[in-house]
Amino acid sequence: MSLKSGPCLAGVRILDAGTALALAWGDRHEARFHAAWLRDNALDPRARDPRNGQRLRTALDLPANTRLDEAAIADGDTLRLRFSPDGYETRFPGAWLRAHAYDLPRQRARGWCGPHVARWGRELGDALPAATLDALRADRRALAQWLRAVRRHGFALLTGVPREAGAVCAVVDLFGHVRETNYGRCFDVRAEVDPVNLAYTALALAAHTDNPYRDPVPTLQLLACLESTAEGGASVVVDGFQAAAVLHEESPAHFDLLADHCARFEYAGSPGVRLRARRPILELAPDGELIAVRHNDRSAAPVVDVPYEAMTAWYEARRHFAEILTRPALRVRFRLAPGELFIVDNTRVLHAREAFSAGGRRWLQGCYADRDGLLSTLSALEEGA
């Protein structure tokens, strides 16, 4: 693992009869670590495969009464440990322990976001994150910068994309794998007779996340423009995390209702397909981190997981959130030209479409992918792997 240099270890002391220790760094930062945690996360070749870093021991292989017998700083910035009852010895780089410290303040409001997330509104339209496909293919640093923008903003543009079927899938190959669905490996978004999905019409589409009726939901969506001669059809994106923050500020009770109760979504527009999912509109991790937004009125199913006494308030909360999504201050509007593409984090950024005329042609082609591939590629690029 590549770790940035920083303050070195300056002190260590064993706590609570060997069940924990306290570390201090040269910048006066302090953190405590449990003996069980340290033993479980040993980095030496007896504990982890040196080729792939995977653990060689199970939870049951660790002594239930693990204690620290000795703890000392060696070689400038290395923590040397010995455990009882079996005398196991191991070492940790001080920088690794600093990066993995868990002795942190926990006073966080519900709906908090991690350090890599930058919430945004209309101001993002002044400097949309964008790159050219040729640059991404030629320069790993440019690819890392573009992927970093997707991680940070949940949205980015790409230009110079070939105006041919399947080109959108080739973009995914730069960082991950296409996620095939019942719509196929890729799908065409243009007006159709007797469409299986309202996206395949000339109608306006309100801000939404795609496929909320899937579990797990596709976490990335890409849409590339192949033709655009019709009047209208501009695209709009909204940061769902920012909308959730506004909701929490204006009504914590409404935020809690959408986070604490599941909505339901379903799709049955194709023969042999019956997709259903049960998830909250605002999904939180157990520690309150906002991890996903699901909002799609076209795919909403009857809500049956909200108690009778709370149903009226839940509908008020849903309407409040939907109204926030329409506010101009939160919306970024742009029009894709042929050869341009946009990518959205489908668990965060909602996208919308203005209606377009029957005259002329508007042909977008899209596909789905997943964030784990993008984040894996980005981490490897950042770490020089």
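Some notes on this structure:
- A Cβ-based charge dipole, computed about the Cα centre of segment 98-192 with Lys and Arg at +1 and Asp and Glu at -1, lands at about 580 debye.
- Sulfur and carbon atoms: percent of accessible area, segment 152-273 [1.4 Å]: 50
- Working ranking of peptides 293-305, 361-373 by packing, defined as the average number of other Cβ atoms within 10 Å per residue, highest first, is 361-373, 293-305.
- 3J(HN,Hα) along segment 17-34, derived from phi through the Karplus expression 6.51 cos²θ - 1.76 cosθ + 1.60 where θ = phi - 60°, amounts to 6, x, 7, 7, 9, 10, 10, 10, 10, x, 8, 6, 6, 10, 7, 9, 9, 7 Hz, with x in place of Gly and Pro.
- In sequence order, segment 221-238 has phi-based couplings of 10, 10, 10, 10, 8, 9, 9, 7, 10, 7, 6, x, x, 5, 9, 9, 10, 9 Hz under the Karplus curve 6.51 cos²θ - 1.76 cosθ + 1.60, θ = phi - 60°, and Gly or Pro positions carry x.
- Selection among Gly53, Ala101, Pro271 by position relative to the dipole of the chain gives Gly53 as farthest towards the positive end (Cβ unit charges, Cα centre).
- Positive-end extreme of charge dipole, segment 342-385 - chosen from Phe356, Asn346, Leu374 (charges on Cβ): Phe356
- By the Cβ rule of 4.7 Å, the chain holds the following cysteines without a possible disulfide partner: Cys8, Cys113, Cys169, Cys225, Cys262.
- Percent carbon-and-sulfur accessible area, segment 13-83, ignoring ligands, DNA and RNA, probe 1.4 Å: 47
- Dimensionless Rg over Rh [segment 73-170; C-alpha; Kirkwood]: 1.21
- On Cα atoms only, tilt of 240-250 relative to the major axis of the chain in degrees: 80
- Counting only the Cα atoms, the chain fills a convex hull of 187 Å³ per residue.
- Taken about its Cα centre, segment 2-72 carries a charge dipole of about 200 debye when Lys and Arg each add +1 at the Cβ and Asp and Glu each add -1 at the Cβ.
- Distance between modelled label sites at Asp103 and Ser379, nm, 7 Å Cα→Cβ extension: 2.5
- For a modelled paramagnetic label at Arg46, 7 Å from Cα along Cα-to-Cβ, the residues of segment 86-110 in reach, with backbone nitrogen under 13 Å, are 86-91.
- Charged side chains reduced to their Cβ positions (Lys and Arg at +1, Asp and Glu at -1) give the chain a dipole of some 260 debye around its Cα centre.
- Probe 1.4 Å, protein heavy atoms only - accessible area per residue of the chain in square angstrom: 50
The values are calculated or read from the model by the stated rules, or taken from the named source; none is laboratory data. What you see is a predicted model, and the numbers here were worked out from it, not measured in a lab. Every residue, glycine among them, receives a Cβ derived from its backbone with ideal geometry; neighbour counts consider all protein chains shown. In case anyone asks, the SASA skips ligands and DNA or RNA and just uses the protein heavy atoms, side chains included. Shrake-Rupley method; radii C 1.70, N 1.55, O 1.52, S 1.80 Å.
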